[in-house]
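Okay, structure first, notes after.
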Amino acid sequence: MRPRPARVVDFQPVPAGRLVAVYAILSAGLVGLAARLAWVQVVQGDQLLNRARAIQTQTIQPLGKRRTIVDRQGRLVALDEERFTLWAHPRYFAFPGDDPGTVRPSLDVARKLSAVLAVPMADLMRNLGDRKSGVKLASDLDPDTAQRVRKLAISGLDLEPYPQRLYPQGGLFANVVGFLNLERVPQAGLEQSRDSDLKRHEAQLSLRRGADGTPLPDGLRPGVIYGDDLRLQLTLDARLQQVAQQALTKQVKQWKAKRGVALVMDVRNGEMVALASTPTYDPNQFWKYSPGLFREWSVQDLYEPGSTFKPINLAIALQEGAIDPAGKVNDTGQLTIGGWPIFNHDRRGNGLIDFPTVLQVSSNVAMVQAMRNVKPATYWEWLRRLGIDEVPDTDLPGAVAGELKTREQFVTQPIEPATAAFGQGFSLTPLKLLQLHAMLANGGRLVSPHITRGLRSGDDLAPPPPASGVQLIRPEIAKTVLNWMETVVQTGSGKGTKIPGYRIGGKTGTAQKALNGIYIPGARICSFVANLPVDDPRFVVLVVVDEPQGGNAYGSTVALPVARQIIEALLVLEKIPPSAPSDHRTKTSGSAPGRAG
């Protein structure tokens, strides 16, 4: 079979017009492409770049969390916990596996959410109504509940996180820590005074995301994911605080008193170990309480200390050489100064007595006789040197200065130094009195009371600071007065705090209460201060009860029992060993002990 002959195509010349047309079309395409490229890069460049970054990056806004507050042992006092608000958008409701574009009825979603939120389905349907978007279904959801909502994977539900301040100890530390209001604005206590320290270091965080939405680590600056784990550590001990709070509350209720406070301080460095106040409030539900409870009155309100100031006065007299430690004074029971009568609390004279007995029987007349040997001008200068009318150097919020008569009044009016001799005629805060008694206990050094040890990282706890303070009284004088205070506990009005094996010094006080310079009939402030142990002083305890009711309301009957319970707990918690036997003779003779004024 013969092969078929090959087909031969003759080449024809292309018309010049067609070539020109093709060239024009290609050129126009290239020009259009270049123009489009220029338009995208020059005109739309910024807009498209922002859109790309929005798709490729994830921005995390800071929640505004605050740092945790812990006590001296690391127990939680205040913390931020993440809470969630649940928003619903019914127009987007869909379940996993539904076809694209499917919109579930609200009833289907409410049926699933009801069990997770523990809310009746009818209530959820009532909230959803006919609205299409932006429906607030629940707030204050805890992280576990929020996680269960996420596991439902229902489209159209949005969980909005926010921090909520919690106070696990309730009202135990409310008087010093304070609280945040519903807008997270600090309203009282350390939350307000240390607001800048309690704000966490947070910054807006931007992460690149992969095609599947996974955050990528590239492009992050060093330290951008810094975790702020700092905590504010207090010097207060929650265990002792609870003992003090319970004992104080019981006594205030029993005596129908207006209020009370119990303070415990380490005399070596000024650390407050307890500062309990009653009545108190729950900072988790602050709106249920009177705003008058949001302030700590022991650092903001003034009172006349009465007989609890007598040891301070005796230290001044000894420092000035105005009295002999082995000397005696004549207690006649009453005397007149500048036309004003001065009596002992029981209106009885005790005769010729030594200074330990002066404190044991809390003689006003004997104190006036002793302090007469100190020149009024010198006496006033000492009260100024002790900082009576100055704001104490403390981190306790709201601390105020005491009130002292002018130098001219004090020097020219004999009644002023006379009443000051037994703790009246001037005023200070319980915190200031605590500081002054700590001065006697630590060898004459005036330390600064404080309740914080500073910011610490993670679970680390700050050690106690070293001993500090400004030397005002000679150590041997402070020791002498402390020994005299020990006799008050052994044979005087402070016998209720006598604990076998421990040397404790104390002083009761029952002072009249003044308002606008006028004493209120029948109104008293009862107090008791103790230093322990006398042989190696470590702590000072002060209890003040305002306006107890009843004819038998004295420092020894109202404030002392609270101090006794605090001291017993303190000995155990701080593992204080028994004291060495006393090497000095205590005063057991003389007038019978009376209730302290």
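The values are calculated or read from the model by the stated rules, or taken from the named source; none is laboratory data. What you see is a predicted model; the values in this text were computed from it and never measured. Here the Cβ positions follow ideal geometry from the backbone for every residue, glycine too, while neighbour counts run over all protein chains shown.
Identify the residue in segment 14-62 that is among the β-branched types (Val, Ile, Thr) and within 30 Å of Glu82 (Cβ to Cβ) and, among all such residues, is modelled with the lowest pLDDT. Can you show your working first?
Quick first cut of segment 14-62, residues among the β-branched types (Val, Ile, Thr) only: 14, 20, 22, 25, 31, 40, 42-43, 55, 57, 59-60.
Right, trim to within 30 Å of Glu82 (Cβ to Cβ) and you get 55, 57, 59-60.
Numbers: Ile55: 64, Thr57: 65, Thr59: 59, Ile60: 56.
Residue satisfying both the conditions and the ranking: Ile60.
Could you tell me whether Asp130 is at pLDDT below 85 and of a type outside the set (Gly, Ala, Ser)? Taking the combined requirement at face value, the residue satisfies it. Can you say whether Ala511 is of a type in the set (A, V, I, L, M) and at pLDDT below 90, as far as the supplied structure shows? Against the criterion (of a type in the set (A, V, I, L, M) and at pLDDT below 90), Ala511 qualifies.
Kindly provide the set of residues from segment 367-393 that are within 18 Å of Thr480 (Cα to Cα) and touching a strand residue (DSSP E or B) at 6+ places or on another chain (Cβ under 8 Å), ordered by number. Matches in segment 367-393: Ala370 only.
A quick yes/no check of all residues on (1) of a type outside the set (S, T, N, Q); (2) under 17 Å from Asn344 (Cα atoms); (3) free of Cβ contacts under 8 Å to residues at least 60 places away in the same chain; (4) surrounded by fewer than 24 Cβ atoms within 10 Å (Cβ to Cβ):
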residue: Tyr502; (1), (2), (3), (4): yes, no, no, yes
residue: Gly509; (1), (2), (3), (4): yes, yes, no, no
residue: Ala514; (1), (2), (3), (4): yes, no, no, yes
residue: Val541; (1), (2), (3), (4): yes, no, no, no
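Just to verify a result, which residue in segment 469-488, among those that are closer than 18 Å to Trp382 by Cβ and among the polar types (S, T, N, Q), is modelled with the highest pLDDT? Residue satisfying both the conditions and the ranking: Thr480. Of all residue pairs spaced 6 or more apart or on separate chains, those with beta-carbon atoms under 6 Å, a first member in segment 521-532 that is closer than 10 Å to Gly509 by Cβ and touching a residue at least 12 places away in the same chain (Cβ under 8 Å) and a second member that is of a type in the set (Gly, Ala, Ser) and in a strand (DSSP E or B) are Ile525/Ala511; Ser527/Gly509. Being in contact (Cβ under 8 Å) with a residue 60 or more places away in the chain, under 23 Å from the mean Cα position of the chain (by Cα), closer than 30 Å to Asn350 by Cα and assigned by TED's automatic domain parsing to the domain that holds Leu275 is true for just one of Ala438, Ala420. Which residue is that? Only one candidate qualifies: Ala438.
Out of Ala462, Ala467, Ala377, Ala401, report the one residue that is surrounded by fewer than 22 Cβ atoms within 10 Å (Cβ to Cβ), free of Cβ contacts under 8 Å to residues at least 24 places away in the same chain, small (Gly, Ala, Ser) and farther than 13 Å from Phe309 by Cβ. Break it down stepwise before answering.
On the way: Ala462 fails: free of Cβ contacts under 8 Å to residues at least 24 places away in the same chain; Ala467 fails: free of Cβ contacts under 8 Å to residues at least 24 places away in the same chain; Ala377 fails: free of Cβ contacts under 8 Å to residues at least 24 places away in the same chain.
Only one candidate passes the filter, namely Ala401.
Among residues belonging to segment 146-191 that are farther than 30 Å from Arg239 by Cα and without any contact (Cβ under 8 Å) to a residue 40 or more places away in the chain, point out the one that is surrounded by the fewest Cβ atoms within 10 Å (Cβ to Cβ). Don't jump to the end; show me each part of the working.
Pass one, segment 146-191, residues farther than 30 Å from Arg239 by Cα: 146-162, 183.
So of that shortlist, the ones also without any contact (Cβ under 8 Å) to a residue 40 or more places away in the chain come out as 147-148, 150-151, 183.
Values: Gln147: 13, Arg148: 14, Arg150: 12, Lys151: 9, Glu183: 6.
My answer is Glu183.
Residue count for segment 277-321 satisfying the condition of being crowded, with 21+ Cβ neighbours inside 10 Å and among the charged types (D, E, K, R): 3.
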